[in-house]
Each structure stands twice: as C-alpha cells, then as structure tokens.
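Visitor: My questions will all concern the structure given below.
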C-alpha cells in the first residue's frame, strides 16, 4: 500500500483533494481539526447510507439465542 505522500505524488485525484484541503486551511475557512471532523463525519454518513447485510450462520444464531435466553430469563432462588 502506498503512503499518503506516495499517493499525493502519484495520484492526481488524491493530489487535488489534498490541495483543496490545504487551500481551505490557508484561507482560514476551516481549521485542521474541523477538516478532520468533517472527513470523519462524511465517512460515517457514507457508511450509514450503505449498510451491509450480514449473514449469521444458523448455529451461531442458535448459540446467540441460547445466551440471550440465559441472560434475560428470571432466576429461581434456592436451587
């Protein structure tokens, strides 16, 4: 995998993205912290819109059900 610097030097789109972010910092439109927060929020928003389906194996699902029943069932005193 390439380092960010290698991507910056070799990938025109990545280079453009970095330069755009640098300009926003230069123009005092956003602080570096605000840009980091915005990028993280963009990733979170993307992930929320593209939820992946998970397949749980039937045996695992049964085991989870047993555990859930064990935790949620009332306990008898004495014993």
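The values are calculated or read from the model by the stated rules, or taken from the named source; none is laboratory data. Just so it is clear, the model here is predicted, and its values are computed rather than measured. Virtual Cβ from ideal backbone geometry, glycine too; neighbours counted across all protein chains shown.
Visitor: Residue 41 passes all but one of (1) surrounded by fewer than 10 Cβ atoms within 10 Å (Cβ to Cβ); (2) assigned to a helix (DSSP H, G or I); (3) modelled with pLDDT of 95 or more; which number fails?
Guide: Of (1) surrounded by fewer than 10 Cβ atoms within 10 Å (Cβ to Cβ); (2) assigned to a helix (DSSP H, G or I); (3) modelled with pLDDT of 95 or more, only one is false for residue 41: (1).
Visitor: Now, a different point. Kindly provide the set of residues from the range 5-27 that are surrounded by 13 or more Cβ atoms within 10 Å (Cβ to Cβ) and outside any loop (DSSP other than H, G, I, E, B), ordered by number.
Guide: Correct list: 7, 8, 14, 15, 17, 18, 21, 24, 25.
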